[in-house]
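Below is one structure, written out as structure tokens; the observations come after it.
No lab work stands behind these numbers, since they all come straight from the coordinates. From a predicted model like this one, the values you see are computed outputs, not experimental measurements. All Cβ positions, even for glycine, are placed from backbone atoms using ideal geometry, and neighbour counts span all protein chains on display.
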Amino acid sequence: MNKAVDLIKETLKGKSLYRILFNWQVARHCVNLEGVCVDLACGKKPASYWRYWKINLSRLVRIDASKEAKPDIEADLNQGIPLDNDFADNIFMFNSFYLIKDPQTLAREIARVLKPGGRAFITAQFIKSEENRADDRFRFTSRQLKEIFGCAGFAGAQIFPTGERFSAIGNLADFVIGNSLAANCLKIIFRPMCLLADKILPKKVKQNYPCPLAWFVIAKKVF
């Protein structure tokens, strides 16, 4: 994938900078996955990340609380995951973990549904504007996420930052600039500058004082 070309194309489509960076994480980490996959809080299909992952869609189970999403299983994840123990090889939960009432309980549910050695792929926002909805509850630090998934029975969760402080600025600016053609053309100039600034930011700053848009978590079930 040519990221420069993809950045331009997705920007002209009106995608947020976060959505673009998140999709790149999916393209990097969610490839050549075998077995049964479960997409929690899946939303309407096809989601934009479908163009970036490499999985067997015939073995994908979609779960969402909304009938409009037309999921395979309609369920409120706050009440648990309506699947058997050791059901799935891979579980995804993208851009919805912050809406859950009890993230620790859901992490245990994800571990229950995963087969031994199965993996969970989770995105959790860190820099994000507050939404005008009752279930907008959390913003997560990397330490919180390690504790949540560690206590749920996962081995050494890998946590990758999605963007950094300058792309966070660029993403927050989206809400001010808007999505007109002129605005999107302006973003084509502005966004590469944000990404370049993130890249040249000193490593010590990024390591000791991280400020990403979100965290991309990959957690493997121990047993």
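Odds and ends about this structure:
- Counting other Cβ atoms within 10 Å as a rough exposure proxy, the listed residues Arg165, Arg143, Arg137 run Arg143, Arg137, Arg165 from fewest neighbours to most.
- Value of Rg/Rh across the chain [Cα atoms, Kirkwood radius]: 0.96
- Working ranking of peptides 184-196, 206-218 by packing, defined as the average number of other Cβ atoms within 10 Å per residue, highest first, is 206-218, 184-196.
- Relative contact order [Cα under 8 Å, 6+ residues apart], the range 1-151, whole percent: 19
- Environment charge of Lys13, counting only residues whose C-beta is closer than 12 Å and scoring Lys/Arg +1, Asp/Glu -1: +3
- The angle between the Cα long axis of helix 165-177 and the longest principal axis of the Cα atoms of the chain comes to about 80 degrees, rounded to the nearest 10.
- Remark: for residue pairs Lys199/Lys220; Lys3/Lys54; Lys45/Lys70; Lys128/Lys221; Lys13/Lys187; Lys44/Lys221, the C-alpha separation exceeds 20 Å in Lys199/Lys220; Lys128/Lys221; Lys44/Lys221.
- Loop GluC sites (Glu not before Pro), the range 105-183 (other Cβ atoms within 10 Å of the site Cβ: 15 or fewer; DSSP): Glu130, Glu131
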